[in-house]
Structures are given as structure tokens and as C-alpha cells.
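The values are calculated or read from the model by the stated rules, or taken from the named source; none is laboratory data. These numbers were taken from a predicted model, which means no experiment stands behind them. Here the Cβ is made from the backbone with ideal geometry for all residues, glycine too, and neighbour counts use every protein chain on show. Calculation scope for accessible area: heavy atoms of the full protein, side chains included, ligands and nucleic acids excluded. Shrake-Rupley method; radii C 1.70, N 1.55, O 1.52, S 1.80 Å.
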Amino acid sequence: MENSKGKKTFILALDQGTTSSRTVLFDSKFSPVCEEKIEFRQIYPKAGWVEHNPWEILKSQFDTVELLFKRKNIGAESVAGIGITNQRETTLVWNAKTGKPVCNAIVWQCRRTSEFCRKLKKDSKFASHVRWATGLPIDAYFSATKLKWILDNVRGARSAAQKGELLFGTVDSWLVWNLTKGRVHATDFTNASRTMLFNIRKLDWDDEILDRLGIPRLMLPKVFESSGNFGDASLPCFGGRKIPILAVAGDQQSSLFGQECFERGDVKNTYGTGCFMLMNTGKKFVDSKHGLITTLTAQTKSGNPSYALEGSVFMAGAIMQWLRDELKILKSSSEAGKIAKKAGTSNGVVLVPAFAGLGAPYWDMFARAAIFGMTRGTNSSHIIRAAEEAIAFQVRDLFSAMKADFRLSKPEGALRVDGGACADDFLMQFQSDIINMKISRPKCLETTAKGAAMLAAKSLGIKKFPSRAVDRIFSSKMSDKDRKELVSRWSHAVQRTLGRF
């Protein structure tokens, strides 16, 4: 990528995640040349509630841009464009004139609307329509009931929204609106498809769902393809220049693109705060019969939707944060794999991390975390090992459902992985063992940011990308007997966590 004077240019990827914000600078070969990351607060007002301060999201993200510019000593003239990728479903509402949020952002992990969702699901006709239109089950995970909660519980919010004074958006919309100084209120198809308000068959907001939840259409953002011009960004570190925002995509669809899963049947799994497995199903809308959801992939052509099957695990890397911050038996998440390997086994311990309920394929909002199989000989190493194994078991559940839905009798190729936790060799080997399939780890683990950069480059007319570079392939070494025994023990433990106490 070069400018008119032949000077080398870069793509800036803003990757706004659940626990941290990062900015990654990519060169013309889509290799990361510099990265900055800042963590921000997780707010837990009540049991099962999770919030973020919208201003802290902005500050952490914008500070990473400024730090990167200073570290690399570059200016805005060296950047061809910006690609944005973000945590999905997290819900924000702000004043259309002042930009002031009416409350904290309600995070995708938050379960405050579980009881309302339970009641809503009793209307089978409406629940069927939601599934048909959005590809999603009714669940507190998605944005729709979070937005309704804000309108119902924040003083004056509903009347202000009805007057057109409030705007709703997922994190991408919040970033775009602030980067463009309030000129652009927009989202892309991937993020819209996670709100439980967007009809992914008709590619428009669904009036029946909006009416049922009492959500004014005028507060919703305009929806565009993931690759395109979302307006010009301004930040102090740009020195008065502006940089075009050329792509927006939800983190998991961005990862799917960054992993080059362009063909039907290609599947990837991202190991982050949660785990998210997506399989490209092409132009076919696959209605899952095994607890998965149907979602849109990153759209690059107008009116030509492409779909994916997705399974979501709410707690993956977040389990290690819990061991570190709450139980204080782990100094650093990066040590978990080494401790687990040294332990040899979990000594019969099974940890089911249903801290925020269970996602796919169970979709149980009322499930709660538990540790089973402890004896007097159980120590911290066994619990850490069980936590590592729990990540792989959850991914195995997703993969089994995906094979059943897509009718794969014997999967070909390898599961493509990315995200910080896939640097853990123990976890990747155990993952391969427990699903009995090869695991392909790329050299660039941050494919979420890479996908945003690639989508931005498409807006610049770039059509070909360097082939995905592989770091290591993991192959299963576990016997069928051992695998069956471990899976059975896991499944039994999961069943004991389901439902209310």
C-alpha cells in the first residue's frame, strides 16, 4: 500500500475487546509491525451484571492509538485507512447532541435480562419469529433486551428515545460516532446481526421485534457493508489530518475473514475472553438444530449476504482471569499451560465455568459455575488443569454441534485457531486430543485485528492477500478410550450445573 508519492503506508486496526483495547499497525504484507494494548475496568454492580464505562472504552482505545504513533514516530499521512473490530452485543445509549451516555454500557456477558427473556420465550410464535428472522435464540446475551432494559430503567430514557434524542449502538457505533465527531451514526451487518433486532434474511431492522420490545427505529444506526467508507476519523495525534474509516466488523466475523475462511465449510475458533467458533456456510442460511446460531459474515458486496454457523462460549480466557484475580492461585494467565502440563492430570477435578450461564449449545441463562470431583488431595494445580481442560471441552461441544448441523461425517483439513490463549501449547494439544482433529495455529495470532486491516484494504481496491502463514500444526495423540471417558465425565458435570438452584 503506497500513497501517490510512493511512500509506504499502513493500515491501522482498532481492536476494542471485552477486557482491553488494542491498536495494531499492519504493513503492506498484513504483518503486524507495532501494537499497543490497554486494559480497562470490569464493573459488577450486582451478581450476574457486567458493565463498562463508555468513556473508559474510548480513552483506552484512543490512548493506544496515541501511544502507537509516538512509539513508531509516524504521522497520519503514513496511514491509508482504519479498520475497526469490536466486542459484539455490548449495548450503549447516548445523547444525540451531547454524546453523553445515559448509563454504563451493558456488556454481552451481563445476565440482568435473563428473567425477562425467560418470559418472552413462552410466546412460542414470537420466539420462532426471532429465530427465523435473526438466526438467534431469545437470550440475555444479545443487545435487544439490554436496550429495552435501559429504556425501561433509566429515568427519562424512553421518552427521550421516542423524541429522537438518544442513539443506540454497539461498541463499533460508539467508536465511529466519536471518531467522526458525531457526524456518522452507523454499524455494519456483522454487528447488527448480533443485536437480536436485525433481520438477517431481509438485511434490515425487524419491525415486529422492535414493536414488541418498544424500541424506536429512529435511535438505531444505519447499517452498511463491513468494507466501505464509514467517514473520516479525527484524533489529536493525527495532527489535524483525517484518516478514513474503511472497515467495521464484529470481532469474530473479522477473525473469520483474517483466517481466510472464505470457502463453505471453513471453520475457525478464537480463544479470547470467551471462545467463538464460526463456520462459513456461504450463501446458505443454515437453521441450526443443535444449539448453534446463524449469523452474517463480513459483507463486502452490497445485497449479497453470506452466512456462518456460530457457537459461543462465554468463559474461556476469563476463567484464567478469575483464577488470577479472584482465587489468586495463578500469578499470570500465561503460566496456566505450564502448570497444567506439569500436573499431569486434573486428578478427577472438572470445572464447569458457567459464571454467566452457558452459551451454545446449551443456552441456559440460569446455569451456574461449579467444581466437581475434589478430594482432600486436590490442589491448585489440579484446579488450573481443570480450567484449561474446560476451555477445550466447551470448544468440543461447539464443534460436535457444528458437525451435526453441517452434516460433516468426517471433517477435512484442520480447525484454524487464533486469539491470545492459542499460544498455550498445552491447551492446543489437549484441544486436538479432545476433538480428534488437527489444529492449525497461524504465525499471527491476532487475526481479529488482521481481518479488520484486510477488510479496510479491500476498500482501497486490494483484492489479493498473502497466504495465511502457519506456525504449528497439532495432531491428536489421545486414545479413543481416554477421550470417551473424559468427555463423559465433562458431560455429566455440565448436566449438574443446568437450571436454577
| query | So which of 140, 133, 127, 144 is outside any strand (DSSP E or B), without any contact (Cβ under 8 Å) to a residue 12 or more places away in the chain and not charged (D, E, K, R)? | reply | 127
| remark: The condition from (1) open to solvent by less than 10 Å² (accessible area, probe 1.4 Å); (2) free of Cβ contacts under 8 Å to residues at least 24 places away in the same chain that residue 91 misses is numbered (2)
| query | Within the range 364-389, which residues are within 25 Å of the chain's Cα centre (by Cα) and not charged (D, E, K, R)? | reply | 365, 366, 367, 369, 370, 384, 386, 387
| task | Find the residue count for the range 179-199, including only residues that are under 22 Å from the mean Cα position of the chain (by Cα), within 27 Å of residue 244 (Cβ to Cβ) and assigned to a loop (DSSP other than H, G, I, E, B). | result | 4
| note | How many residues of the range 184-229 are farther than 23 Å from residue 158 by Cα, open to solvent by 10 Å² or more (accessible area, probe 1.4 Å) and of a type outside the set (Asp, Glu)? The answer is 8
| said: Take residue 489 and tell me if it is more than 21 Å from the chain's Cα centre (by Cα), outside any loop (DSSP other than H, G, I, E, B), farther than 23 Å from residue 33 by Cβ and in contact (Cβ under 8 Å) with a residue 60 or more places away in the chain. | reply: yes
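Can you pull out the helices (runs of 4 or more DSSP H) entirely within the range 377-477 that have at least 2 residues that are of a type in the set (Ser, Thr, Tyr) and out of contact with any Asp or Glu (no Cβ under 6 Å at 6 or more places or on another chain)?
380-406
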| request: Would you be able to say whether some residue in the range 392-406 is basic (Lys, Arg) and modelled with pLDDT under 90? | output: yes
| field | Members of the range 249-275 found to be among the aromatic types (Phe, Trp, Tyr), modelled with pLDDT of 90 or more and either open to solvent by 10 Å² or more (accessible area, probe 1.4 Å) or closer than 21 Å to residue 467 by Cα (or both), listed by number | value | 257
| task | Output the residues belonging to the range 438-478 that are of a type in the set (D, E, K, R), modelled with pLDDT under 90 and under 19 Å from residue 252 (Cα atoms). | result | 443, 446, 468
| request: Could you tell me which of the residues 323, 358 is open to solvent by less than 40 Å² (accessible area, probe 1.4 Å) and in contact with an Asp or Glu (Cβ under 6 Å, 6 or more places away or on another chain)? | output: 358
| Given (1) in contact (Cβ under 8 Å) with a residue 40 or more places away in the chain; (2) polar (S, T, N, Q); (3) crowded, with 19+ Cβ neighbours inside 10 Å, where does residue 113 come up short, assuming only one miss? | (1)
